[in-house]
1. Can you give me the span-like helices of chain A, meaning DSSP H runs with 27 Å or more of Cα extent along the axis and Kyte-Doolittle mean at or above 1.0?
2. Could you list, bin by bin from short to long, the percent of Cα-Cα pairs of chain B in 5 Å steps?
3. What FRET efficiency, computed as 1/(1 + (r/R0)^6) with R0 = 22 Å and r the Cβ-Cβ distance, is obtained for residue A:134 and residue B:106, rounded to the nearest 0.05?
4. How much of the calculated P(r) for the stretch A:20-179 lies past 27 Å, in percent of all Cα pairs?
5. Any chance you could check the Cα centroid distance between the stretch B:45-77 and the stretch B:84-120 for me, in angstrom?
6. When you count, for each residue, the other Cβ atoms within 10 Å and take the mean per peptide, how do A:93-105, B:113-125 rank with the highest first?
7. Between residue A:214 and residue A:78, what is 0.36 nm times their sequence separation minus the Cα-Cα distance? Round to one decimal in nm.
8. Within 10 Å of each Cβ in peptide B:82-91, how many partner chain Cβ atoms are there on average? Round it to a whole number, please.
Amino acid sequence: MSQKSALIFLDSEILGITLLSFQVSCTAVLLASIFALPIGTVLGLKDFRGKQVILTLVNTLMGLPPVVVGLILYLLLSNMGPLGPLSLLYTPTAMILAQFVLAVPIIVGLTYSAIADVSEKIVEQTLSLGATKRQLILIMFKEARMGILTSIIAAFGRAVSEVGAIMIVGGNIRYFTRTLTTAIVLYTSMGEFETAIVLGTILLITSFTINLFLTYLQTRYRPDKGKRFKVMRFGD
Amino acid sequence: MEDVWKSFGEKKVIKGVTLEALEGQLYCLIGPNGSGKTTLLKIADMLEVPDSGKIYFDGVELLGLDHAKRIQYIRRMAMVFQHPILYNASVYDNISIGLRIRGLSRSEIEDRVKRVLNEVNLYDYRNKHAYTLSGGEAQRLCLARALALEPKVLFLDEPTANLDPANKYAIERMVKDYCIKNKAIVIFTTHDMLEAKRLADKVGLLLDGKIVEEGSVQDFFTRTKNELVANFLGGELTL
């Protein structure tokens, strides 16, 4: 690593950009989890009219182009838009909102899949033990925890690597809404490749650290940890 | 239960079954595959709602109760299914789950789990993941989970159907002991007539969703005059 690269790593502006990036993404994914986990759970547990349509919609939204989200939010948040009076455009809150919109379908879709994959026999056994509806949902959550954490990991990955939407609604304002991804775009367009590469490295290292923690949570209850394990489900 | 009927779509699975079991009685429900044994047990355990009929527990009609009261009665029953159903957790947690659902104290949960683990000879496996158990061990775990609840009524749906003789006899012995010691009602389904002979106080034959014969184990296997029963038993046991 050159001396310049080392200095970029230690630069207070870069530190601020890094902190803002993860603050925005973590907040967005946390809020999206609170909002989307119950929806995914209900979709996984209940059968109702129109469920197929909702699932198709969720699956479509999982691949939502970020720039489209950015554009729609821009129109909503701009002075002319219905949310204009809130003055959220070009603020970190607007960026959280954009990442929230992108993360929700991923968490809903993958949580639905994880809950629906829990055997019907587990539901029957749990009800036979005298569980209330609330207890049943908690137990289902626990059974589906690996899939649910996968949904959160995937949503975090999407949020932290996002650039199009936050560029539109955040504006990439120095010391205020500049994140690692928008800064990489900026420095690349300015021809400052070394800075862009260092920022990319920071993004990768911090993402890796956060995912390491989430993966630890995801796998800590696996039987015979460390060994290759063939899942055995009796009666399926 | 009294005059219970149940259909799935057009197919009538249970056709007007009336069945009574008393305290301390082990009732063996025998019948061929597809005769409706599992559905009947699920109805009795409130996992299926019958189309019509009544289910009584200690003289109280359960189907008319509101959800909260019904759960109180469900918590006095337990069921072991034909295929072991395991939670993605340790052996200890698999057994304690029903006790946690009932909100028992930690020390009481520990005492009960320890006791039943010793009874089913799985104490040394308590910290292992349940998925690593063999089929026989897994079924013993499921029985332990049910026994830990100290149920007044215990339903067992062909619990020994896929087990080797050693595990089969171990489960039969534990069930019989539990029934006698706790004066519990045990309803056990099987299509193994010898098992029914070994275990039962009372036997009922379910054919095509109807109880076609019922009686004490002695009467059922030796004095039946019912042609359907004789056909099912193949003649040899009635000689």
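We did not get these values from a lab; they are worked out from the coordinates using the rules stated. Small disclaimer: the values here were computed from a predicted structure and weren't measured. Neighbour counts are summed over all protein chains in view; Cβ atoms, including those assigned to glycine, are modelled from backbone coordinates with ideal geometry.
1. A:12-45, A:92-117, A:193-219
2. P(r) over chain B, rounded to whole percents: 1, 6, 14, 17, 19, 17, 13, 8, 4, 1, 0.
3. That pair, residue A:134 with residue B:106, gives E of 0.60.
4. Distances greater than 27 Å cover 33 percent of the Cα pairs.
5. Each part's Cα centre sits 25 Å from the other's.
6. A:93-105, B:113-125
7. Between residue A:214 and residue A:78, full extension yields an extra 45.4 nm.
8. 6
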